[in-house]
1. Which one of these is touching a residue at least 24 places away in the same chain (Cβ under 8 Å), assigned to a helix (DSSP H, G or I) and either farther than 26 Å from B:GLU82 by Cβ or open to solvent by less than 70 Å² (accessible area, probe 1.4 Å) (or both): B:LEU149, B:LEU126?
2. I'd like to know if the range B:83-90 contains one or more residues that are surrounded by 15 or more Cβ atoms within 10 Å (Cβ to Cβ) and over 17 Å from B:LEU126 (Cβ atoms).
3. Anything in the range A:249-281 that is assigned to a loop (DSSP other than H, G, I, E, B), open to solvent by less than 30 Å² (accessible area, probe 1.4 Å) and farther than 11 Å from A:ILE230 by Cβ? List them, or say none.
4. Touching a His at 6+ places or on another chain (Cβ under 9 Å) and farther than 19 Å from A:ARG295 by Cα: which single residue out of A:GLY231, A:GLY263, A:GLY252 fits that description?
5. Out of the residues in the range A:31-58 that are touching a Gly at 6+ places or on another chain (Cβ under 8 Å) and part of a strand (DSSP E or B), state the one that is nearest to the other protein chains (Cβ to nearest Cβ).
6. Taking the range A:168-190 on its own, how many of its residues are open to solvent by 10 Å² or more (accessible area, probe 1.4 Å) and under 10 Å from A:LEU34 (Cα atoms)?
7. In the list A:ASP20, A:ASP25, which residue meets the criterion of being open to solvent by 30 Å² or more (accessible area, probe 1.4 Å), under 21 Å from the mean Cα position of the chain (by Cα) and away from chain B (no Cβ under 14 Å)?
8. Just one of (1) on the phi > 0 side of the Ramachandran plot; (2) in contact with an Asp or Glu (Cβ under 8 Å, 6 or more places away or on another chain); (3) within 14 Å of chain B (Cβ to nearest Cβ) trips up A:ARG12, so point out which.
Amino acid sequence: MSILKIDGVTKRYANHTALDNVSFDIPAGCIFGLLGPNGAGKTSLIRIITQITGADSGEIFFKGEKLRPSHIKSMGYLPEERGLYKKMKVGEQLLYLAQLKGLTKDEATARIKEWVLRFEIKEWMNKNIEDLSKGMQQKVQFMATVMHEPSLIILDEPFSGFDPINANLIKDEILRLRDNGATIIFSTHRMESVEELCDNIALINRSRKVLDGPVREIKDTYKTDTYQVIGNGQLLITSPDFEVLEQHDNHGVFRASIRLLDGASPNDLLRYLIQRVEVHSFVELVPSINDIFIRKVKETYHA
Amino acid sequence: MHKIWLIIQREYLTRVRKKSFIIMTFLTPLLLAAFMVIPAWLATVSNSDDVVMVLDESGLFADKLESKEDLKIIPIAASSLEQAKTAYQETDYTALLHIPKFDLDTPEGIRLYSKKNTSLQVKFRLENMLEKEIESQRFMASGIDREMLNKMKANVTMTTVNLSESGERDSNVWVTSGAGITGAVIIYFFIFLYGVQIMRGVIEEKTNRIVEVMISSVKPFQLMMGKIVGIAGVGLTQFLLWVVLSAIVVSGVQAAFGIKPAPTPIEQMQAGRDLATGEESTQTEETSQATTISEVSSAISNLNFPLLLGCFLFYFLGGYLLYGSLFGAIGAAVDNETDTQQFMFPITIPLIISFIMSYTVVIQNPDGPVAFWMSIIPFTSPIVMMVRIPFGVPASELLLSMGLLILGFIFTTWIASRIYRIGILMYGKKINYKELSKWLFYRV
C-alpha cells in the first residue's frame, strides 16, 4: 500500500516550471529517495506535500485520502534551510514545536524525556540554542522533526552539515523509525550518500520524473551482466560466451571486467575461470544510482 | 485557533522575560519620579543662603529694599566703595551691591561685586527690585502713588465653559489639549516601538531559517497574526505596568518626602501667563493662581474619561494593527534590517505627518477641515482623532473614523499576509515595489 500517491503534479512559477506532470507512488514503511540534481524540483515537490504551497494541477493522496491540512500533523519535515529560535531554550523550543504539531503539553513533555535519554542531552535542556555547537543544534532539529511520531518523515538534504559521527547516529535513528513503521523520504542531490539506505527511489531531472521504482529492480534493469575478477595466473579468454571489457596484468596478478554474452550464467564464467586461473575475487559490477541517472538522462535527451 | 494561541504565548513570553523589557518597565517610572523629585528638591536646597550687602550712596533705596526669605539684604554704612569691598571680602556673603549717586532719569553705574560668579537668578531679582523702586519713585515724582497704581492694574483670567445639551461644564483649553496630545503621543510611540519589534521578529525568523519549519506546522497567516497579537500584548502589559508603577512611585515619593510635585506642563503654562503681572506675588495673583489650579482640576474631572479611555484603547490597538501588519510585511520582504529603509519610508511618513500636524494645525483648530479629514483617514486617524476627542467630536464622525480604521486594518492585514506568505520563503533577492505588487496576486 502506498502512503503517498503523487498524481500528475505540475507547479509553475513566474518564469519557470518547477514540476511538470510528475507522478509516482511512495510505498508505506520504506525509505524513499527523492533524487536529482540541484534545481530539479525536489524542494518544490516537498513543499507541495507539506502544504507550504499548492500545486497548479494534479493531486496528492495521503494514505488514500486527498491531501488536507489535518494531514500535516502526521508529517515531519526537516527543511534544507534549517533553523531554530536562537534565543530560546532547547526544552522550551522542543515543547513549542511539538505542541504546534498537535501534541498536548503532557504528551510533548513525555516524548521530550524519552529523546533526552536516547540522545543523552539532559544537560542542554536549559541552554539557549545559540550556545550549542552546530552538531548539537542539528540533533535538536532532528528531534523536533520526529518528536510527534509522524508516519511520514521528509528529510531535505539530511546529511549536509552533520559530522560523520552524528550522521551515523541519525542514520541509525532513521532505520529505527522505519522499523517502527514510519515512511521516510530522503531528498538529496548526492545520490551516493543515500544509495545503501533507500528501498525505493524516484529520479527527477529538470522538473520531470525520469525514473522510479524499487532500487533492486532498477539496478536489475540497468545491470550489464558484468563481473570483476581478480586472481593469479595467465588469463586468456577465448570462449564466445564471454567478452573481456578491460584487463590488467601485473606480475602474474590480473584484474578483469568480463561481460556475459548470450544467456551465459555467472557460474558458467566461474567454472571457465577455475579451470584456467586461481580466482581471488569475483564480484558483480552493479551500476550505481548515479551511473543509472546519467545514462537515463542521456537517453531522454538523445531520444 | 489553538496554534495561533501557542504562537501568541511564545511571542509574548519571550519578550516579557527579556532583560531589556524588565529594565525598561521598572526604570521608566523611576525616571519619572526622579523628574518629579529632583527639581522640587533642588528648589528647597539651593535658594537658602543668598545674602547681599548693599552700599547705597544715592540714599534713594534706604529701607526700601526688603529682605526675602531666600535673599537677605544687609545695608551697610561704609564711607567709600573701597571700604565696603574690604568689608565684603571678610564675609562669606553672596555679593556686594553698589548703588552710586545717580539721576533718577538715567540710572547708571550700579554694580554687583561678588567673589564667585553670581547666579542669574540673584542678578535678575536685584534688578527687578531696583527697577520697581525706581519706577515707584518716578510715579511719586509725577504724582501717582503705588496704591493708586495697583488699583489701576487689570488682571483678566477667563473661565471657559462648555455649553452642551447636558448642561454647562467648566472646561480648560490647556487640559483638553493636554489630554488629547498625551493620548496621541503614546499611540505614536507605541506604533513605532512595537511595529519595529514585529519587523525585527519576522526578520529574525527569516535569518534563523526557522520559517520553513514553522510553516510546515502552521499557516503563514497564523504565524504573522500570532506575532502581531503577541507583541500587542507586550505593549499593553508595559503600558499598564507603567501606569500602575508610576502611580505607586509618585504617591510613595509624595508620602515619603512630603514634596509637592513639580508643576505639570499645564500648570507651568498657566503660571507663564501670570508672569506678566510681575515678580512679586501680590494678593491678587495668589488668588488667581489658586483659582487656576482649582479650575484645572475641575476641568480634568470634567473630561469624559470613559469615552477618552475607550477611544484611546480602540485607536491604540487599531493603529497598531494597521501599521503592525505592514511592518510585518516589510520584515518578510527583506533579508536583513539594512534593507528595510526603502520600505519603511512610506509607512513612517503618514505617522510623522499626523504627529506633527496634531500638535500644530489640529490642536489650533480641532474642528477644521485638516483635522476632520486626517481624523477620518485610517492611516492618520489613530493619532489625530485622539487629539480631537477631548474637544468633543460628533458621534457620527467618531463612528465613521472607527469603521474606516477597522476596514483599514483588514485591508493592510490582507496586503501584509499576501506579501508575507511569499516573502518569508524568499532569500537572497533584492525586492522592489514592482516585485511586491506582483506578490499580491500570486497563487500559492
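The values are calculated or read from the model by the stated rules, or taken from the named source; none is laboratory data. Because the structure is predicted, anything quoted here is derived from the model rather than measured. Using ideal geometry, Cβ is built from the backbone for each residue, glycine included, and neighbour counts are taken over all protein chains shown. Quick note on the areas: whole protein, heavy atoms, side chains included, nothing else; ligands and nucleic acids left out. Shrake-Rupley method; radii C 1.70, N 1.55, O 1.52, S 1.80 Å.
1. Working: B:LEU149 fails: touching a residue at least 24 places away in the same chain (Cβ under 8 Å).
That would be B:LEU126, the only listed residue that is touching a residue at least 24 places away in the same chain (Cβ under 8 Å), assigned to a helix (DSSP H, G or I) and either farther than 26 Å from B:GLU82 by Cβ or open to solvent by less than 70 Å² (accessible area, probe 1.4 Å) (or both).
2. yes
3. The first filter runs over the range A:249-281 and keeps only residues assigned to a loop (DSSP other than H, G, I, E, B), leaving A:251-252, A:261-265, A:275-277.
Imposing the further condition that a residue be open to solvent by less than 30 Å² (accessible area, probe 1.4 Å) reduces the set to A:264, A:277.
Selection gives A:ALA264 alone.
4. Details: A:GLY263 fails: touching a His at 6+ places or on another chain (Cβ under 9 Å); A:GLY252 fails: touching a His at 6+ places or on another chain (Cβ under 9 Å).
Only one candidate qualifies: A:GLY231.
5. If we filter the range A:31-58 for residues that are touching a Gly at 6+ places or on another chain (Cβ under 8 Å), which is where we start, we get A:42, A:48, A:57-58.
Restricting the remaining residues to those that are part of a strand (DSSP E or B) gives A:57-58.
Working: A:SER57: 12, A:GLY58: 14 Å.
If we take residues in the range A:31-58 being touching a Gly at 6+ places or on another chain (Cβ under 8 Å) and part of a strand (DSSP E or B), then A:SER57 is nearest to the other protein chains (Cβ to nearest Cβ).
6. So the count comes out to 1.
7. Values: A:ASP20 fails: under 21 Å from the mean Cα position of the chain (by Cα).
Being open to solvent by 30 Å² or more (accessible area, probe 1.4 Å), under 21 Å from the mean Cα position of the chain (by Cα) and away from chain B (no Cβ under 14 Å) holds for just one of A:ASP20, A:ASP25, which is A:ASP25.
8. With (1) on the phi > 0 side of the Ramachandran plot; (2) in contact with an Asp or Glu (Cβ under 8 Å, 6 or more places away or on another chain); (3) within 14 Å of chain B (Cβ to nearest Cβ) applied to A:ARG12, the lone miss is (1).
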